[in-house]
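The values are calculated or read from the model by the stated rules, or taken from the named source; none is laboratory data. The shown structure was predicted, so the numbers you read here are calculated from the model rather than taken from an experiment. Neighbour counts run over all protein chains shown; Cβ positions are idealised from the backbone, glycine included.
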Amino acid sequence: MRPFLLGEGKLDKLSPQFIALIGICLATFGWIWSTKRARSLSRKQHTFNALLQASFNAQYQSAHSAVRPFVRGKKPFEWAAPKNQKLKDQFTFLLNHYEFLAAGVRRGDISESLLKDSQRGVIVSLYSYCEPYVESLRTDRHKQALFEHIEWLHMRWDENPPKFVQRVCESVISRPIYHQYYKWFFWAPVVLLAGMALEGVLIDCYARYVSTTPVPHP
């Protein structure tokens with residue numbers, strides 16, 4: 001039977017070093033895949049535990065019940081009114097809770113897909129409603145980084161979703177990319193491989209030219 005993808009007898013011509021190299025590459029690929037898979041399962045389990053604990057937290061449930069009519073109905077809220085301080089504390093509690101989860105997503109410790117499937121509408125609508133409050137807190141405390149992670153997650157899920165190249169890069173490193181140089185993660189290996197391929201072609205062409213050019217005799 002003729003070997004797959006190789007002509008008859010060509011498999012026997014492969015050097016032991018080349019066969020060993022193929023084995024090393026396959027073993028490395030299997031190790032990388034298994035490590036990535038184990039980390040993904042661990043991340044999902046951690047996310048599931050965090051969401052499950054929050055669902056049984058009485059303060060979390062109370063805060064959600066208190067703010068839900070305002071967020072869903074988009075009722076106007078006087079953030080500076082002293083009479084609304086207790087309700088404002090409920091908003092702050094939820095913002096801190098989702099800020100923690102958003103930071104975990106941003107650092108690759110929380111599964112973004114699982115959190116997005118279960119909490120996207122809540123997070124996006126909550127931050128959209130509380131955005132004036134967040135801006136006032138940043139101004140009063142002179143801290144522009146306040147609630148930056150939930151703001152980043154809101155932008156990512158609602159206003160500025162990642163493009164194709166960014167999604168490819170993120171699937172490779174198994175975490176979101178949040179800086180402007182993410183394209184280098186995609187194009188640098190592509191350019192490197194293209195350069196190596198071009199170098200191989202040029203060396204092969206030069207070797208054929210030398211082998212076919214007659215050597216002049218004195």
Discussion item. Assigned by TED's automatic domain parsing to the domain that holds Leu41, in a helix (DSSP H, G or I) and at pLDDT below 95: is that true of Lys83 in this structure?
Written reply: yes
Discussion item. I'd like the residue in the stretch 106-126 that is under 21 Å from the mean Cα position of the chain (by Cα) and within 21 Å of Phe91 (Cβ to Cβ) and, out of all such residues, is surrounded by the fewest Cβ atoms within 10 Å (Cβ to Cβ).
Written reply: Gly121
Worksheet item: Out of Ser65, Ser118, which single residue is among the hydroxyl-bearing types (Ser, Thr, Tyr), free of Cβ contacts under 8 Å to residues at least 40 places away in the same chain and part of a helix (DSSP H, G or I)?
Response: Ser65
Worksheet item: Can you spot a residue in the stretch 99-115 that is of a type in the set (Phe, Trp, Tyr) and not in a helix (DSSP H, G or I)?
Response: no
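Here's the yes/no breakdown for (1) under 30 Å from Ser174 (Cβ atoms); (2) modelled with pLDDT under 80; (3) of a type outside the set (Asp, Glu):
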position: Pro16; (1), (2), (3): no, yes, yes
position: Thr47; (1), (2), (3): yes, no, yes
position: Leu52; (1), (2), (3): yes, no, yes
position: Arg68; (1), (2), (3): no, no, yes
position: Lys88; (1), (2), (3): no, no, yes
Item to complete: Could you look through the stretch 41-75, keep only residues that are basic (Lys, Arg) and more than 23 Å from Glu112 (Cβ to Cβ), and pick out the one that is surrounded by the fewest Cβ atoms within 10 Å (Cβ to Cβ)?
Response: Lys75
